[in-house]
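> Supplied in structure tokens, the structure appears directly below.
The values are calculated or read from the model by the stated rules, or taken from the named source; none is laboratory data. In this text the structure is predicted, and so the values were computed from the model without any measurement. Note: accessible area is taken over every heavy atom of the protein model, side chains too, but ligands, DNA and RNA are not part of it. Shrake-Rupley method; radii C 1.70, N 1.55, O 1.52, S 1.80 Å.
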Amino acid sequence: MAVRTIRVIGDEILYKECKPVKEMTQRVEELIEDMFETMYENNGVGLAAPQVGILKQIVVIDVDDGNQYVLINPEIIEEEGSQTGQEGCLSVPGKAGIVTRPQKVKVKALDENMEEFVLEGEDLLARAICHECAHLHGQLYVSLVEGELMDTTEEVEE
Ligand SMILES: [Zn+2]
């Protein structure tokens with residue numbers, strides 16, 4: 001396992017469309033392990049593969065609910081309600097902004113065994129799912145910020 005370098009805003013890889021994962025390989029397994037390690041090292045609650053320079057549709061999330069979520073080729077299939085709150089991103093260090101997201105989402109994805117599952121998330125988990133899935137389509141939260149980006153020492157970043 002290794003902590004990988006996080007790409008930061010301005011790096012063109014963050015604005016590209018990621019490719020679906022076709023099969024689980026040792027490389028992909030290692031990537032997922034490294035993504036978790038990189039996320040924890042940086043006190044994040046989520047990380048998407050393009051943030052470590054890999055254009056694959058892979059997301060890892062840990063919002064401290066006792067689960068480590070791996071979402072491969074995720075697709076948000078339902079959204080409900082809305083929540084407005086502060087959001088940050090490991091690729092936009094030292095900044096945060098107010099973003100409105102669905103209160104609840106359902107996402108369909110493959111797990112590490114390439115088996116399909118549906119995950120329902122509310123509150124922070126819903127926010128993390130939306131934020132990370134957007135990374136896979138080259139979108140950063142900064143384009144959704146209401147008002148100004150703020151400087152922060154906030155440690156919870158995605
Ligand atoms: Zn992010």
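> Would you list, by chain and number, the aspartates and glutamates whose Cα falls below 16 Å from the Cα of residue 106, excluding same-chain residues fewer than 8 positions away?
Result set, ordered by chain and number: 75, 78, 79, 80, 116, 120, 122, 123, 132.
> Could you state the orientation-averaged shadow area of the convex hull built on the Cα atoms of segment 4-158, in nm² to one decimal?
If I average the Cα hull's projected area over directions, I get 8.2 nm².
> Whole Å is fine, so just give me how far the alpha carbon centre of segment 80-124 lies from that of segment 7-79.
What the calculation gives is 12 Å, centre to centre.
> Here's a follow-up. Counting only protein heavy atoms and using a 1.4 Å probe, what share of the accessible area of segment 1-92 belongs to carbon plus sulfur, as a whole percent? Don't jump to the answer; show the numbers that get you there.
Numbers: 2000 of 4800 Å².
For segment 1-92, the apolar C and S fraction of the accessible surface comes to 42 percent.
> Next question, about the same structure. Is segment 60-122 best put as rounded, prolate or oblate by its Cα gyration tensor, with a ≥ b ≥ c the root eigenvalues, rounded for a/c under 1.5, and otherwise prolate when a/b is larger than b/c, oblate when not?
Working: a/c = 2.22, a/b = 1.44, b/c = 1.54.
Oblate shape, in that a/c is at least 1.5 and b/c is the bigger or equal ratio.
> Straight-line reach from residue 108: which lysines fall under 24 Å, measuring Cα to Cα and dropping same-chain residues less than 8 apart?
Partners found: 16, 19, 22, 56.
> May I pose another question? Once phi is turned into θ = phi - 60°, what whole-Hz ³J(HN,Hα) does the Karplus curve with 6.51, -1.76 and 1.60 give for every residue of segment 74-79, x standing for Gly and Pro?
Rounded to whole hertz, the list is x, 9, 6, 10, 8, 9.
> With a probe of 1.4 Å, find how much accessible area the chain has per residue, and write the answer as a whole number in Å².
Numbers: 8040 Å² over 158 residues.
Value returned for the chain: 51 Å² of accessible area per residue.
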